[in-house]
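Here is the structure we will look at.
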Amino acid sequence: MSTSLTDPAPASVAEKGPPIIILDKVNKWFGQLHVLRDVSMTVAEKERVVVCGPSGSGKSTMIRCINRLESHQEGRIEVDGTELTDDTRALDQIRREVGMVFQSFNLFPHLTVLENCTLAPIWVRKTPKAEAEELGMSFLRRVRIPEQAKKYPGQLSGGQQQRVAIARALCMRPKIMLFDEPTSALDPEMIKEVLDVMIELAESGMTMVCVTHEMGFARRVADRVVFMDRGEIVESGTPAAMFETPQTDRLKLFLSQILRGH
Amino acid sequence: MQAVLWARANLFRSWWSTAVTLVLIYLIVRGAWSFIDWAFINAVWSVPQGPNGPNTAVCHAAQGIGACWAVVKEKYRFILFAFYPYAEQWRPATCIVLLILLYIVSARRQFWRKELALLWIMTLVVIGILMWGGAFGLTYVPQYQWGGLPLTLILATIGLAAAFPLSILVALGRRSTGLPAVRLLCVVYVELIRGVPLISLLFMATTMFPLFMPNGADIDKVLSAQVAIILFAAAYLAEVVRAGLQSLPRGQNEAADALGLSYWRKTGLIILPQALRLVIPPLVNTFIGFFKDTSLVLIVGIFDLLKAGTTAVADPPWQGFGNEIYVLLAVIYFAFCYAMSRYSRGLERDLDRARRR
């Protein structure tokens, strides 16, 4: 991958602000299945958190609870000072401030790349069209595909699509970015171009919560790594501490499996 | 050379396929030849006018051997306009032209904008004024005198134009998770309407429904039939639309939600444009079906195109010339239905060009 585990880790320690995401004893069930067990976590402004864990550990569910694509049944989730409840108006308010990037991109196939980017600013933020297009182009330049603006998502490669998805989310000028396994659906040669964009974003001071198996990425940009297994947070700490001196057997097992895979 | 090779490979590959090919060629040529014989060579194109109307002796003599197109020449005004006052028939004729122009304009994608809805309303108002009259110096023509092609087109156009948006609402309602009462209502509506034949719905609308109305509330037959057609078509279309909604990947909903789009924005900008595109073939299938199903209104005594045609040959001198009339009606129906299906194929191709996944 882009950076390997043995790279020297420039654990960038930026000035962290007050907490912007608070999960307090969150529980969730899918029918009988207990998918989140007493999950508590706080993310500070400008903090970069990487969430990892084996599949089925509840990491995607947890990140999807932060913008309420999934609703939790017990506990409290607070984002940017507002508690997540069934109140849809408060929810729409929060979703404007929280950008999300999905594993399967989820671009709108009937709109051009630029229209994908300008849709939400125009309809949600009420930005005038010309201004929204300028904004869209500036973010497409940032993810390095301005020349694809007039194409449709189906005409792009997976890596390009994921970069458009990142630009689309950034166009709403969110305070927080959530990444749900952004590189898992990509061919190996495209992972780097997406990770590069994410690294740049992390270095610009964006608050990020990132579900990923890219340990190189975690090492390079994460302030904190959270390891989840069977619906609970098992261990968390700086990337260096987590990868070099894992405390629990579960994390040791997970790391050995991940490393064997590489 | 190409053609010979193609024929060799596809038509005369073995003795068995050669035999089938030869038999089919024989049947097709014979069938086509007898039709040409009947429709053109032995056909009677006009009849002399006698003192008591047309003298149809020539036609009767040719019956079974040649077509009598004179009946079309003689009766086309009745078939197209039925009992609409003869002197005023330019009005329904104008309506036909207006409706066809409206179809052509609506079919062009560059005209798909808000103004198009306005154009539809204006055209329908003008058509209403022309058909009813009673204003601008036009004499009043009550609805029971309407008939023929304009009536068929009006029933089908208004029927589908009103049923389509209704069907979208019903389909959305049926899928809504937050509003169980709305969902139940939509399910009951679709299942109830789908469970009854259109004919019985037409009967109920025109004969039973007025009984429940306060005395004196005279409900027009054409209007009741129109409402029945709208309700019936909407139930069927709703299921087609629902199929489209269901086939969209969940990620589209989630991505729109994550951007903070409200329910109606999400539905109008993301979900429906994609869902409807996916169901163009079954939608047009249903449209074509309902265009023809409007002929069922004859059962409640409305003179649509088909009924006007069959009535035309009830006239004693022309009795027995139904075939010619049916050929004419088939040509008219085919023209409209084929236009719809050709258009939908073109539309699919256009919309697909941009979106290869």
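Read-outs throughout are calculated quantities, based only on the coordinates presented, and are distinct from any laboratory measurement. Since the structure is predicted, the reported quantities are computational estimates derived from the model, not experimental observations. Note that each Cβ is placed from the backbone with ideal geometry, even for glycine, and that neighbours are counted across all protein chains shown.
Can you tell me which of A:63, A:199, A:166 moves the most in a GNM of chain A? Springs connect C-alpha atoms under 10 Å apart.
Evaluated over chain A, the most mobile residue of the options is A:199.
Please list, in chain and number order, the residues 5+ apart from residue A:40 or on another chain whose amide H is under 5 Å from its amide H, with Hs placed from the backbone.
Amide H neighbours of residue A:40, under 5 Å, 5+ apart: A:25, A:26, A:233.
When the distances between all Cα atoms of the range A:59-209 are binned every 5 Å from zero, what whole-number percent does each bin get?
P(r) over the range A:59-209, rounded to whole percents: 2, 10, 19, 21, 21, 15, 9, 4, 1, 0.
Near residue B:243, within a Cβ-to-Cβ distance under 13 Å, what is the net charge of the other residues, with Lys and Arg +1 and Asp and Glu -1?
+3
Taking springs between alpha-carbon atoms closer than 10 angstrom, which of B:167, B:295, B:341 fluctuates most in the Gaussian network model of chain B?
B:341
Taking every pair of Cα atoms in chain A, average 1/r, invert it to obtain the Kirkwood radius, and report Rg/Rh to two decimals.
0.96
Mind listing the phi-derived Karplus ³J(HN,Hα) values for the range B:184-198, rounded to whole Hz, using 6.51, -1.76 and 1.60 with θ = phi - 60°, and x for any glycine or proline?
Computed from phi, the couplings for the range B:184-198 are 4, 4, 5, 4, 4, 4, 4, 5, 4, 5, 5, x, 10, x, 4 Hz.
Report, in whole Å, the centroid distance computed from the Cα atoms of the range B:13-47 and the range B:241-285.
49 Å
In percent, how large is the relative contact order of the range B:133-228, given Cα pairs closer than 8 Å and 6 or more residues apart?
25 percent
May I ask you to list the residues of the range B:86-123 whose amide nitrogen lies under 11 Å from a point 7 Å from Cα along the Cα→beta-carbon direction of residue B:338?
none
Helix A:129-142: angle to the longest alpha-carbon principal axis of chain A, degrees 0 to 90, nearest 10?
Roughly 50 degrees between the two axes.
Can you compute the modelled spin-label distance between residue B:83 and residue B:114, with each label point 7 Å from Cα toward Cβ, in nm?
Placing both labels 7 Å along Cα→Cβ, they lie 4.5 nm apart.
Spit out the partnerless Cys residues in chain B, using Cβ distances under 4.7 Å as the pairing rule.
By the Cβ distance rule, which asks for a partner under 4.7 Å, the isolated cysteines are B:95, B:186, B:337.
Is the shape of the range B:73-229 best called rounded, prolate or oblate, per the rule: a/c under 1.5 gives rounded, else a/b larger than b/c gives prolate, else oblate, with a ≥ b ≥ c the square roots of the Cα gyration tensor eigenvalues?
It comes out oblate by the Cα gyration axes.
If I take R0 = 25 Å and measure r between the Cβ atoms of residue B:248 and residue B:285 in this structure, what FRET efficiency does the formula 1/(1 + (r/R0)^6) give, to the nearest 0.05?
Calculated transfer efficiency: 0.80.
Take the Cα atoms of chain B, build their convex hull, and give its volume per residue in Å³.
It is 233 Å³ per residue.
Can you compute the equivalent ellipsoid semi-axes for the protein assembly as shown, i.e. the square root of 5 times each eigenvalue of the Cα gyration tensor, sorted largest first and rounded to whole Å?
So the three semi-axes of the protein assembly as shown are 66, 30, 22 Å.
Please compute the average number of Cβ atoms from other chains found within 10 Å of each residue's Cβ in peptide A:153-160.
Across A:153-160, the average partner-chain Cβ count within 10 Å equals 1.
When the helices in the protein assembly as shown are scored as -39500 (n - 2.57) per DSSP H run of 4 or longer and the sum is shared across all residues, what 222 nm value do you end up with, to the nearest 500 deg cm²/dmol?
-17000 deg cm²/dmol
Please list the three semi-axes, largest first and in whole Å, of the ellipsoid equivalent to the range B:65-151, using sqrt of 5 times the eigenvalues of its alpha carbon gyration tensor.
Ellipsoid semi-axes (Å, largest first): 29, 20, 8.
How high is the relative contact order of chain B? Use alpha-carbon pairs under 8 Å, at least six apart in sequence, and give a whole percent.
For chain B, the relative contact order is 18 percent.
Report the chymotrypsin sites (Phe, Trp or Tyr not before Pro) located in the range B:1-109 that are in a DSSP loop and have at most 16 other Cβ atoms inside 10 Å of their Cβ, or state none.
B:12, B:45, B:83
Find how many whole Å separate the alpha carbon centroid of the range A:34-71 from the alpha carbon centroid of the range A:187-262.
13 Å
Give me the extension gain from residue B:49 to residue B:345: residue separation times 0.36 nm, minus the current Cα-Cα distance, reported in nm with one decimal.
The span from residue B:49 to residue B:345 would gain 101.8 nm if fully extended.
Stick to the Cα atoms of the range A:162-229, pair each with every other, and give me the Kirkwood hydrodynamic radius in Å at one decimal.
12.5 Å
Please list, in chain and number order, the residues 5+ apart from residue A:229 or on another chain whose amide H is under 5 Å from its amide H, with Hs placed from the backbone.
The list, which skips near neighbours in sequence, is A:234.
So what are the ³J(HN,Hα) numbers for the range B:27-41, from phi and the Karplus equation (6.51, -1.76, 1.60; θ = phi - 60°), rounded to whole Hz, Gly and Pro as x?
With the stated coefficients, the range B:27-41 comes to 5, 5, 4, 4, x, 5, 5, 5, 5, 4, 4, 6, 7, 10, 5 Hz.
Just add up the charged neighbours of residue A:25: K/R +1, D/E -1, any other residue whose Cβ is under 15 Å from the Cβ of residue A:25.
Computed value for this residue: -3.
How many partner chain Cβ atoms sit within 10 Å of a residue's Cβ in peptide A:109-119, on average, as a whole number?
Mean inter-chain Cβ contacts per residue within 10 Å come to 3.
Considering amide H positions built from the backbone, and no H for Pro or chain starts, which residues 5 or more places from residue A:75, or on another chain, come under 5 Å of its amide H?
Hits under the 5 Å cutoff: A:27.
Kindly express, to the nearest 10 degrees and within the range 0 to 90, the angle between helix A:249-261's C-alpha long axis and the longest C-alpha principal axis of chain A.
50 degrees
GNM on chain A, C-alpha springs below 10 Å: top fluctuator among A:235, A:244, A:203?
A:244
Separation between the residue A:27 and residue B:30 pseudo-spin-labels, each 7 Å from Cα along Cα→Cβ, expressed in nm?
Output for this residue pair reads 8.2 nm.
Please report, in Å, the Rg and the Dmax of the range B:179-294, where both are computed over Cα atoms only.
According to the Cα coordinates of the range B:179-294, Rg and Dmax are 18.1, 56 Å.
Return the FRET efficiency for the residue pair residue A:240, residue A:184: r is the Cβ-Cβ distance, R0 is 25 Å, and the value is rounded to the nearest 0.05.
In this case the efficiency is close to 0.55.
When Lys and Arg each count +1 and Asp and Glu each count -1, what net charge do the other residues less than 15 Å away from residue B:321, Cβ to Cβ, add up to?
Combined, the nearby Lys, Arg, Asp and Glu give -1.
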